[in-house]
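Trainee: So that we are looking at the same thing, I have put the structure below in structure tokens.
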Amino acid sequence: MSDNSLRDLRKPVPRAGDTSPKITFPCDYPIKVVGDAADDFAATVCQIVNRHDPSFDAAGIQVVPSRNGRFQSVRLTLRATGEVQIKALFDELKATGRVHMVV
């Protein structure tokens with residue numbers, strides 16, 4: 001057995017198909033929030049994002065209607081400080097009952 005075949009057992013072996021990206025925090029974190037089209041949908045999303053990132057600037061958001069106009073996607077970038085922040089943000093967005101998907 002050559003030295004090249006040895007591996008450090010303290011480091012996890014990447015699993016086949018594990019393509020989840022590793023994020024270094026803090027970072028600029030783009031998200032897309034999809035929900036039912038409404039005049040106040042983007043404002044609701046921005047209010048929630050602002051609670052999780054007080055430095056969030058809503059001036060940079062993009063609101064894109066679906067082809068049939070039934071849904072809207074709000075695209076924005078926030079300053080992410082960690083996985084706990086991102087999970088709490090996603091949970092609060094989904095808890096509105098108006099958000100169908102956060103990507």
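The values are calculated or read from the model by the stated rules, or taken from the named source; none is laboratory data. Bear in mind the structure is a predicted one, so any value in this text is a computation, not a measurement. The area values use the complete protein model at the heavy-atom level, side chains included, leaving out ligands, DNA and RNA. Shrake-Rupley method; radii C 1.70, N 1.55, O 1.52, S 1.80 Å.
Trainee: Given a 1.4 Å probe, how much area per residue of segment 35-102 is accessible, in Å²?
Mentor: Per residue, segment 35-102 has an accessible area of 61 Å².
Trainee: Expressed in nm to one decimal, what extension gain is obtained for the pair Phe90 and Ala43 from 0.36 nm per residue of sequence separation less their Cα-Cα distance?
Mentor: Result: 15.3 nm gained on full extension.
Trainee: Right, something else. Hey, any idea what % of segment 35-102's accessible area is carbon plus sulfur with a 1.4 Å probe?
Mentor: Solvent-exposed carbon and sulfur of segment 35-102 make up 51 percent of the total.
Trainee: Can you run phi through the Karplus equation (6.51, -1.76, 1.60; θ = phi - 60°) for segment 23-30 and list ³J(HN,Hα) in whole Hz, with x for Gly and Pro?
Mentor: 3J(HN,Hα) across segment 23-30, in whole Hz: 9, 9, 9, x, 7, 7, 10, x.
Trainee: How much length, in nm to one decimal, is gained on full extension between Asp57 and Arg79, taken as 0.36 nm per residue of separation minus their Cα-Cα distance?
Mentor: Contour length minus the Cα-Cα distance gives 6.9 nm.
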